[in-house]
Amino acid sequence: MAEEKRNEHGFVGETIIGDEVVASIAGMAAQEIPGVGSLGKSAVRRAIAGAFADAAEKARSGVSVEVGKRECIVDLQINVLYGYSIPNIINEVRKKVAARLLEFTGLITKEINIRVVGIDVTPAKPQPKVT
C-alpha cells in the first residue's frame, strides 16, 4: 500500500525525479567548470555517437546515477582540456555537481566518482596568411 503524503499546503502526492534528469543536471554542471572538455568516450566514439544525439542525451553521456528518495550517487567520465590541473578540476566538478543537484532536485549527493578518460586538445587558431 502506498503511503499518502501531505505537505504543509495540504496537497497529496509523491514526486519522483527520473534518473535521466539527475544525470542531465550532473553532466551540465560538470561542463560548467573551466578545464572540463567533454563527457565520456574518446573523441572518435563521441563524434560518431554525437551525430545522432540531442542536447539532453549529450549532457547524460558519460554520466550514470543511482537515485534514492533523498540521496544519489553520481559516476562521471570526463575528458579534461590540456593545460589544466586535473586535481583542481576534479575538486571543482564535485562541488558544482553536488551544489546543482541539491539546488535543483533537493537530493544529497553521497558520492561523486570521477574517471578521467581522456585529454581534449583545443585546436590552435589558424594564423592568417600574409601575401
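The table that follows gives values for the structure above.
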{"read-out": "Built amide H within the under 5 Å cut-off of G118, gap 5+", "value": "V80"}
{"read-out": "Amide H within-cut-off set for V36, under 5 Å, with H built and near neighbours excluded", "value": "L81"}
{"read-out": "Under the Karplus curve 6.51 cos²θ - 1.76 cosθ + 1.60, θ = phi - 60°, whole-Hz ³J(HN,Hα) for the range 109-117, x wherever Gly or Pro sits", "value": "8, 6, 9, 10, 9, 10, 10, 7, 9"}
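Read-outs throughout are calculated quantities, based only on the coordinates presented, and are distinct from any laboratory measurement. It should be emphasised that the depicted structure is a prediction, and the values quoted were computed from it without experimental measurement.
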